[in-house]
Each structure stands twice: as C-alpha cells, then as structure tokens.
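Please read the structure below before turning to the comments.
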C-alpha cells in the first residue's frame with residue numbers, strides 16, 4: 001500500500017512539472033512576438049522602405065511541386081496564344097463539316113452526271129457572268145443540296161426517268177421542258193401507277209429540276225399540269241377503309257367460346 005501511494009505522489013509531481021514547463025514555453029513565445037513587434041516599430045523609415053521594396057515571391061503548394069499557382073487574371077485569359085488555340089479548335093469542326101458536305105455532293109454528281117449535265121447546259125449556267133465564274137460550281141452545288149440527301153436522290157431518279165421518256169419519243173431533252181410534254185408524261189405514268197404518291201413525287205421532282213435553272217414561271221405551275229396532277233391524284237387515291245367496330249355479339253361469342261372449363265390461355 002505504501003509503495004502504491006509513493007508512486008501516485010511521484011506521478012503527481014511529474015505532471016505538475018510538465019504543466020509548469022508548458023506554460024513557461026508559451027510565455028517565452030509571447031515575449032518574442034512582442035519583441036518582434038517592438039523591433040519593427042523601431043525601424044527607421046529607410047529600413048521599412050527597403051523591407052517593402054523586396055520583390056514578392058509567389059507562394060507554392062505541394063500540389064504544384066514548387067511551381068507558382070496558376071493565374072486567372074484577365075490578361076492571361078485573353079493572351080494571343082490562347083485566342084489562336086481556341087480559334088483553331090473552333091475551325092476544326094467547321095472544316096470537318098465542309099469536307100463531309102463536299103464529299104456528299106461529289107458522290108451525287110458522279111452518280112447522276114447525265115442528268116446534271118443537261119442542267120448545266122442551260123443558258124443560266126452556260127452564260128454565267130465572267131466576273132463571278134469562280135463561284136459558279138460552288139453556287140450550283142449549294143442549290144443542288146438545298147434538300148435532304150434522300151429527297152435529292154429520289155428526285156434525280158425521277159428526272160432521269162423523265163429524260164429517258166423524252167428520248168424514247170424523240171422529244172428535245174433540254175430545259176425548260178414544255179408544259180404539254182410534262183402533262184403527257186404524268187398521264188402516261190399514272191396509267192401504270194397504283195398510288196397517288198407517285199404522281200406527287202413526279203410533279204415535285206420536275207418542278208425542282210426547273211428550279212435548278214431558275215425557271216420562272218415554272219412549267220409545273222401552269223394550269224394544264226396542275227389540272228392533270230389533281231385529276232390523277234383523285235383517280236389513284238384510295239380512301240382508307242374503316243374497320244368494322246366490335247359489336248356486343250362479337251364480345252359475347254368470344255366469352256362463350258373461351259368461358260368453358262376446357263379452355264386455357266394457350267387457345268387465345
């Protein structure tokens with residue numbers, strides 16, 4: 001028991017010594033800070049000016065491995081190098097789209113060259129002003145692709161069929177085509193068609209073909225062609241047939257047929 005009490009007393013005295021040493025250390029630090037403040041206030045004006053004239057060293061953090069922190073100033077955000085890089089990045093998608101557009105137009109021109117050569121022989125393109133001759137094909141390609149690819153392909157197929165029909169009858173294959181020829185072609189094709197959509201597509205294709213040579217008025221808009229189109233649409237139009245509504249007798253017969261104990265879901 002005495003040994004235990006002696007150990008407690010010794011531990012108590014050691015704890016008191018540690019507390020006193022810690023408090024003394026804090027007092028020394030506070031005293032040093034006071035001395036530093038007093039020393040700075042006692043400096044002359046020249047010495048203080050020398051202290052403030054020392055260049056500021058940018059702070060560093062371990063995350064940047066000794067490098068200065070990145071700047072977000074207005075000057076750096078509008079540096080010419082940054083502007084050049086951003087402009088190049090913006091031009092890349094535009095150039096890709098232009099290349100895709102050019103490749104698509106070239107494919108269409110190669111596939112339907114026979115039809116497009118007839119268009120280019122028209123005076124609107126053959127007599128294109130010499131001052132803007134360098135923009136001729138670019139303008140033509142833009143007019144050609146004003147519609148979707150699927151629509152252009154469908155129209156060019158119909159125009160090729162129209163020109164073949166003209167050649168077969170020894171009619172002049174040139175634009176603009178006379179309106180009586182167009183009306184006769186629609187009547188001839190309607191005799192072997194089963195849907196009014198064929199007539200609508202033929203008329204739209206021939207009208208688009210004449211728009212490529214800036215034909216005004218368009219021969220498809222004349223009265224003879226419009227009357228033929230409306231007449232053939234009415235002849236070929238098939239109104240939708242309404243289905244017979246479900247009656248009470250039909251429902252009752254279904255219930256009687258599947259409502260016996262021998263029926264199961266496999267019979268439905």
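What to note about this one:
- Looking across region 237-265, the residues that are surrounded by 10 or more Cβ atoms within 10 Å (Cβ to Cβ) and either within 30 Å of residue 197 (Cβ to Cβ) or modelled with pLDDT under 70 (or both) come down to 237, 263.
- Scanning region 141-156 for residues that are touching a residue at least 24 places away in the same chain (Cβ under 8 Å) and part of a helix (DSSP H, G or I) yields 141, 143, 144, 149, 152, 153, 154, 155, 156.
- Whether a residue is under 38 Å from the mean Cα position of the chain (by Cα) and under 27 Å from residue 104 (Cβ atoms) was assessed, and residue 114 passes this test.
- Annotation note: of 187, 105, 115, 177, the sole residue that is farther than 30 Å from residue 236 by Cβ and in contact with a helix residue (DSSP H, G or I) (Cβ under 7 Å, 6 or more places away or on another chain) is 105.
- All positions within region 164-182 that are part of a helix (DSSP H, G or I) and more than 30 Å from residue 139 (Cα to Cα): 168, 180
- In the set (1) within 25 Å of the chain's Cα centre (by Cα); (2) surrounded by 15 or more Cβ atoms within 10 Å (Cβ to Cβ), residue 122 fails one condition alone, (1).
- Residue in region 133-143 that is buried (at least 16 other Cβ atoms within 10 Å of the Cβ) and touching a helix residue (DSSP H, G or I) at 6+ places or on another chain (Cβ under 7 Å) present: yes
The values are calculated or read from the model by the stated rules, or taken from the named source; none is laboratory data. Everything quoted here is computed from the prediction, not taken from an experiment. Cβ: placed from backbone, ideal geometry, glycine included. Neighbour counts: every protein chain shown.
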